[in-house]
1. Of a type outside the set (D, E, K, R), surrounded by 24 or more Cβ atoms within 10 Å (Cβ to Cβ) and assigned to a strand (DSSP E or B) - does that describe any residue in segment 302-314?
2. Hey, can you tell me all the residues within segment 172-195 that are surrounded by fewer than 19 Cβ atoms within 10 Å (Cβ to Cβ) and among the polar types (S, T, N, Q)?
3. Let me confirm something: among 248, 202, which residue is surrounded by 19 or more Cβ atoms within 10 Å (Cβ to Cβ) and over 22 Å from residue 355 (Cα atoms)?
4. With respect to the numbered conditions (1) modelled with pLDDT of 95 or more; (2) farther than 20 Å from residue 79 by Cβ; (3) of a type in the set (D, E, K, R), which one is the sole condition not fulfilled by residue 155?
5. Out of curiosity, is residue 479 hydrophobic (A, V, I, L, M, F, W, C), farther than 23 Å from residue 103 by Cβ and modelled with pLDDT under 95?
6. Just one of 75, 39 is part of a loop (DSSP other than H, G, I, E, B), in contact with a strand residue (DSSP E or B) (Cβ under 6 Å, 6 or more places away or on another chain) and at pLDDT below 95; which is it?
7. Determine whether residue 49 is over 31 Å from the mean Cα position of the chain (by Cα) and of a type outside the set (A, V, I, L, M, F, W, C).
8. In segment 439-449, how many are hydrophobic (A, V, I, L, M, F, W, C) and within 18 Å of residue 475 (Cα to Cα)?
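The values are calculated or read from the model by the stated rules, or taken from the named source; none is laboratory data. Remember, it's a predicted structure, so these values are computed and weren't measured experimentally. Using ideal geometry, Cβ is built from the backbone for each residue, glycine included, and neighbour counts are taken over all protein chains shown.
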Amino acid sequence: MDTKLIFQDAAGFAIPLLAVFAVDVSVGKDADALPVLLATSDAITDAASKVLASGEFKASLGETLLLHAPDGLKAQRLLIVGLGKAKSLSVNEVRKGAGAAVRAAKPRNVREMAVAFPEDHALSDEHLEALPCTLTARSLVEGAELAERDWDTYKSDRQDMSVASLTLIARETEKTTTEEIQKGFEEGLIIAGAQNFTRALVNEPGNVLTPTELGSRAAAMCEEVGLDCEVFSTEKLHELKMGAFWAVAKGSAQPPALIVMTYEPKLEKGESLPQDAPVLGLVGKGITFDTGGISLKPPDGMDKMKYDMAGAGAMIGAMRAIAQLKPKVKVIAVVCSAENMPDGKAFKPGDVVTAMSGKTIEILNTDAEGRLVLADGLHYAKTLGCTHLINAATLTGACVVALGMINAGVFSNDEATWGKFEEAMKVSGEKFWRLPCTDDYKEQIKSQIADIMNTGGSRWGGAITAAMFLKEFVEDTPWVHLDIAGCAWNEEQKPWLPKGPSGIAVRSIVEWVRRFDG
């Protein structure tokens, strides 16, 4: 989609479809909806006044109403998009509203459309603070770009309903400047592009996106944006004594891939990073297909196990954005990619393997393979000099049982590092819920024959025992663990997003990294 930014009065812009936003300013639980347009143009307000007064449109989040040939406007159609209650308005509602506008345009074969920047003169000061113009511009672009993609990639009769061109129309006011909006617009393009890159990887079937192919695509992306990238395979795993990673990989005919991407900040002449400057490690689980191994999964839903590399995809996408946003902090990403297959060479329940760190692991369940590859990936990131770690993985069904498909799980061993992630979520709009990983859970992964087991002794607290397993390899390094199993795939189409890969965690990881800048 060709996305542009212009500064003018939206009422005078000739376009097949112009989208504007509205909020419900009614107060009280039982009050009738009172929709108000977030626009200062009298012509747009007049064009929508009758339908808003009719009570037909409630301005609920994602609700749309289309008007043809609106009086006083050069646009052929006016699309009014609801952002929900004014009292709960945030940039995340703006992001969803922009997505809803694009999703409403697609089935109507609208190829060119515009979105009017929400001007909130009708709201109180507390709502004005909730919509800083830079972040609002960014969220509009993110929502539109994410909504435009459909994931029917391999259909031979694929219908082209793409929106070819989108124009964001804004005005400079007392509260906004063109520079602030331009900055948010450009950041939105970068971050949405990174998230869509991740989504495209996650959407690929396992026979296409093998570990080797994932490495090739990561390397090509790195070359495009100027990152250093090395892709290793079996020989390197043996050299590094990555016994946990190799245990998972050895059952497949497809060789594993150990992908290392490095971002070095470009500094001004005479500028240098402090000696104690952090080095951030991003570690992703890259299981391109997961059968469960010898502990074979049931057939229902196994086809979706192509998405078991969504954590790796998030790290690759985040590195793409980091390279373009250029924060002044060094970042190293480690992706451990393999297939988990059940052939004669596969690891078995009861096996004991030795991780790169030297810890021994008793295998109780070969379907708890993600934590094994991450164990070696996290330790390797530490040997590369990483002082702070974050990992992402579609790790446990237990996390989905606990949190459903609305919140992903987050764990941390360090309050300051968690605090940066908590701040990042306020910008990203992604939903994570913190769960404990305190030492009183450690007893559940102790093994009689080895140092630790790869699952807890019972099914209870499965997401936590998985986090406790990873914590054994992080040790005292400040760390955040993201269990995205329930949120990496949208099971149902939403007004602002299609069914399919979500690209969750890209935005939050990028914002977490940016909080170490300076």
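1. no
2. 173, 177, 178, 182
3. One residue alone meets the criteria, 202.
4. (1)
5. no
6. 39
7. Yes: the conditions hold for residue 49.
8. So the answer is 1.
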